[in-house]
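Chemist: The structure that follows is given in the form of structure tokens.
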Amino acid sequence: MSDELQLPQAARAFVSFVALLRINGFAVAPEQTTAFLAAIELLGPRSMEAIRLAGLATLAPPPERRATYDRLFDLHFLGSEAIDHAGAEDEEVVRLQEEGRGEDETLLADEANESGLAAARAEALVERRFAASATGDALRKLSREAPARLPRRRGHRRMRSRRGPLADLRRTLRESVRNDGEVLRLGRLKRRERPRKVLLLIDVSGSMKGRTDDNMKLSHALVHAIPHVEVFTFGTRLTRVTRPLRLKRREQALSAAAHLVSDWDGGTRIGDALQAFLAVPRFGGYARGAAVVILSDGLERGDPSALRDAVAKLSRRAWRLSWMTPLATGPGFQPQTEALIAIRRFVDDLVDGGSTAAIVSHVLSLGQRKAA
Amino acid sequence: MAVRGNIVGIDSPEALERALRTAYYLADDGLATAAYLGLALGKPLLLEGAPGVGKTEAAKAIAAVLGRRLIRLQCYEGIDASAALYEWNYPRQMLAIRQAGEESIDIYGETFLIERPMLAALRAPDSTVLLIDEIDRADQEFEAFLLEFLSDFQISIPERGTVRAAERPVVVLTSNRTRDLHEALRRRCVYHWIEYPTADREARIVMMRASSVAESTARAVVAAVGKLRREPLSKAPGIAEAVDWAEAATLLHERGARWPDAFKRSIGVALKDEEDLTFISGRLDALIAEAAA
């Protein structure tokens, strides 16, 4: 019996290639392996390139991991030794241009902003001390109330309702059959409501250091509370962290996200980061019709006009754009920095992002207000 | 693994590539291999890529090569079974009940059934190609519903029973990747990510699609479009835009406009966003001069 179950010698190399892919984090199903083998048989003896293409078609590695697939293929079938670990960055990271530039400018920009900031910061500290212990409560409140309170949009599907604007012909017919074809009551339909997309952009630069940890916890709670949440971090790069945050356990999710983000506590080039976000069609689409929340202090090291253009573009795509900065502590907040003044007229809300409780209460209130 | 035997005259990716060329579609090796495997293994073909790289065109070309009718199901947010599968003609049913009076009548007969794309493809699997376009626009529920269709190729209509395809229909799915598709869906398909073509291939596509365009024009347009794609624009021009641009510039030139000017004035067919136009306007002259050189 066992002899018959042995794989033919020739097939082993292909099956072990699939195993190698799985070890490297590619999700390959057994039926894909079968399809891969069938494809190779079908194509017959040809070049290595044909096998590579057959693997691409049947094993379906995601396009952003194509480079990894190619390296593994070369390693397995061509025995290539030159595996470049340094270049293993094909995940969902967009590197901003001229990354080195941000470092020098950090100091300059800090000095320039110092006078306006110092006062605001000192004031902010007083109010924030109370908030720290409330973080856990706020996150629990978010998880509990988000599904019911976050903004909704009108969907395309219909559901029955007592008094809707549309006629339910299907139900009316079924009921009329029961009454010998007599229509006694016209069934009604209404449009179903669906949760709106939420896009969270988190500043992880040095100036936001005190908030970064809590903001990541908050985004984890939000990702698990409602569907259709996308989370990006930015500093000197733009990184999509939605995928790691989907992991259930918080510690595990946050460490996976931390692993992906490589620009913690560095400089900020918000304008460039947002431009990069909008330039990738797949990412830019996440903002369309979404409730966009940006958690950032708006201390821009780069060109303020780039920031202004990006925010203007984003506000046109978004359903509602909220900029939450730790510098805004009260309702009478007046922006001091050049960047925040420049973007003020494009954002719908410019409010306090200094504590988890404040962010949670703003996010939960999004659904109650109409977009500006 | 069910291997479909009856693809007429197409026994290798190269043969398919040649056949596609007669349908005015230039496929690269990757696409030809994936499409051939999809046909031969009887699996749906899932095409992903940026907008305007020719995903829908590929499906049309495949239908033309096989000599089959293309049935297109355009997905949108909120698409449901009654738009994709079948729908009963309710007003007609009600009328029939009224007219029948005391006699008995079967209101679930063929005359009352409205075929939608998926049912139509299922009933004539040997003469149709089903294109499920922009699946990423549909809801996740619809994607889950598709899973069943794509693995068993059957649909059950409660009033009439199950409709099963006599053979595996040819199905092409496309996605712009505005959201990640479910792994289970990708798994059932043969997959190909369409890249922007190389400059050389794109120039050949432009000439093939727009016969009035001269080779030098095609090359210049492709070079300019290639440069535009490297800029941080909100919508990079696709292949269709390149073809339109070449055609528009040729038309203006025939009407007496001078060359660089004809290019510049017809930029509106390639870039369709006011901001992108302002962004590029300062450097447009240099960019076109460089491309035309």
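Every read-out reported here was derived from the displayed coordinates using simple, explicitly stated rules and does not represent laboratory data. Note that the structure is predicted; figures quoted are calculated from it, not measured. Ideal geometry is used to build each Cβ from the backbone, glycine not excepted, and the neighbour counts take in all protein chains shown.
Chemist: Kindly flag which residue pairs out of A:Lys313/B:Lys235; A:Lys313/B:Lys272; B:Lys227/B:Lys272; B:Lys60/B:Lys227; B:Lys60/B:Lys235; A:Lys141/A:Lys190 have an alpha-carbon separation exceeding 19 Å in this structure.
Modeler: As for pairs spanning more than 19 Å Cα to Cα, those are B:Lys60/B:Lys227; B:Lys60/B:Lys235; A:Lys141/A:Lys190.
Chemist: List, largest first, the extents of the alpha carbons of the range A:279-353 along their principal axes, each in whole Å.
Modeler: 35, 25, 17
Chemist: Given labels modelled 7 Å from the Cα in the Cβ direction, how far is it in nm from B:Ser156 to A:Arg344?
Modeler: Here the modelled spin labels are 6.3 nm apart.
Chemist: Read phi for every residue in the range B:52-66 and hand back ³J(HN,Hα) as whole Hz from Karplus 6.51 cos²θ - 1.76 cosθ + 1.60, θ = phi - 60°, with x for Gly and Pro.
Modeler: With the stated coefficients, the range B:52-66 comes to x, 9, x, 6, 5, 4, 4, 5, 5, 5, 4, 4, 5, 5, 7 Hz.
Chemist: Right, here's the next one. As an exercise, identify the trypsin sites (Lys or Arg not before Pro) in the range B:73-170 lying in DSSP coil whose Cβ has no more than 13 other Cβ atoms within 10 Å.
Modeler: Those satisfying the criteria are B:Arg160.
Chemist: Would you mind telling me the antiparallel percentage of the DSSP bridges in the protein assembly as shown, rounded to 5?
Modeler: Here the share of antiparallel DSSP bridges comes out near 35 percent.
Chemist: For the range B:52-204, what D do you get in µm² per second when you plug the Kirkwood radius from alpha-carbon pairs into Stokes-Einstein at 37 °C and 0.692 mPa s?
Modeler: D = 188 µm²/s.
Chemist: At 222 nm, what helix-only mean residue ellipticity would the protein assembly as shown give, in deg cm²/dmol to the nearest 500, using -39500 (n - 2.57) for each DSSP H run of four or more?
Modeler: That comes out to -15000 deg cm²/dmol.
Chemist: What is the Cα coordinate range of chain B on the first, second and third principal axes, sorted by size from largest, in whole angstrom?
Modeler: 79, 45, 35
Chemist: Over the whole of A:171-183, what's the average partner chain Cβ count within 10 Å per residue? Rounded to a whole number, please.
Modeler: Average per residue, whole number: 3.
Chemist: In debye, nearest 20, what is the charge dipole magnitude of the protein assembly as shown about its Cα centre with +1 on Lys and Arg Cβ and -1 on Asp and Glu Cβ, if you could check?
Modeler: Roughly 2720 debye, rounded to the nearest 20.
Chemist: Cα-based Rg (one decimal) and Dmax (whole number) for the protein assembly as shown, in Å?
Modeler: When restricted to Cα atoms, the protein assembly as shown yields Rg and Dmax of 28.5, 92 Å.
Chemist: If R₀ is 30 angstrom, what is the calculated FRET efficiency for the pair B:Glu110 and B:Met208, using the beta carbon separation as r and rounding to 0.05?
Modeler: On the way: r = 43 Å, r/R0 = 1.44.
With R0 = 30 Å, the Cβ-Cβ based efficiency is 0.10.
Chemist: So what are the radius of gyration and Dmax for the Cα set of the range B:161-293, in Å?
Modeler: Cα only, the range B:161-293: 19.2, 66 Å (Rg, Dmax).
Chemist: Would you tell me the mean number of C-beta atoms belonging to other protein chains that fall within 10 Å of each C-beta in A:276-289, as a whole number?
Modeler: Details: counts 1, 0, 4, 6, 2, 9, 7, 1, 3, 5, 2, 0, 1, 1.
If you average over the peptide's residues, the count of other-chain Cβ atoms is 3.
Chemist: Okay, moving on. Under the rule a/c < 1.5 gives rounded, and otherwise a/b versus b/c splits prolate from oblate, where does the range A:32-76 land using the Cα gyration tensor?
Modeler: Note, shape of the range A:32-76 comes out oblate.
Chemist: Tell me which chymotrypsin sites (Phe, Trp or Tyr not before Pro) from the range B:139-174 have a DSSP coil assignment and no more than 12 other beta carbons within 10 Å of their own.
Modeler: none
Chemist: Let me ask something else. Tell me which lysines have Cα within less than 17 Å of A:Lys248's Cα, excluding those fewer than 8 residues away on the same chain?
Modeler: By straight Cα distance, A:Lys248 reaches A:Lys217.
Chemist: With only alpha-carbon atoms counted, please give the Rg and Dmax of the range A:234-372, in Å.
Modeler: Computed over the Cα atoms of the range A:234-372, radius of gyration and Dmax are 15.0, 40 Å.
Chemist: Mind grabbing the base-10 log of I(q)/I(0) for the range A:242-309 at q = 0.21, 0.25, 0.29 Å⁻¹? Debye formula, identical points on the C-alpha positions, no solvent, two decimal places.
Modeler: -1.11, -1.20, -1.20
Chemist: Also, quick follow-up: Among B:99-106, A:156-163, A:65-72, what's the highest-first ranking by average C-beta atoms within 10 angstrom per residue?
Modeler: Values: B:99-106: 9.1, A:156-163: 12.8, A:65-72: 17.8.
Highest to lowest by the protection proxy: A:65-72, A:156-163, B:99-106.
Chemist: Would you please name the chymotrypsin sites (Phe, Trp or Tyr not before Pro) within the range B:82-133 that are DSSP coil residues with at most 16 other C-beta atoms within 10 Å of their C-beta?
Modeler: Loop-located and lightly packed - B:Tyr108.
Chemist: Give me the distance between the Cα centres of the range B:118-170 and the range A:211-263, rounded to whole Å.
Modeler: Here the answer is 37 Å between Cα centres.
Chemist: Would you give the gap between the C-alpha center of the range B:183-200 and the C-alpha center of the range A:275-306, rounded to a whole Å?
Modeler: 28
Chemist: Using the beta-carbon distance between A:Phe77 and A:Leu184 and R0 = 56 Å, what value does 1/(1 + (r/R0)^6) give for FRET efficiency, to the nearest 0.05? Don't skip to the answer; put the middle values down first.
Modeler: Numbers: r = 72 Å, r/R0 = 1.28.
Efficiency computed from Cβ-Cβ geometry: 0.20.
Chemist: What is the spin-label model distance, in nm, from A:Leu20 to B:Glu14 if the labels are put 7 Å beyond Cα along the C-beta direction?
Modeler: Here the modelled spin labels are 2.7 nm apart.
Chemist: Provide B:Met208, B:Met118 in ascending order of the number of other Cβ atoms located within 10 Å of each residue's Cβ, fewest first.
Modeler: Details: B:Met208 15, B:Met118 25.
Arranged by neighbour count, lowest to highest, B:Met208, B:Met118 become B:Met208, B:Met118.
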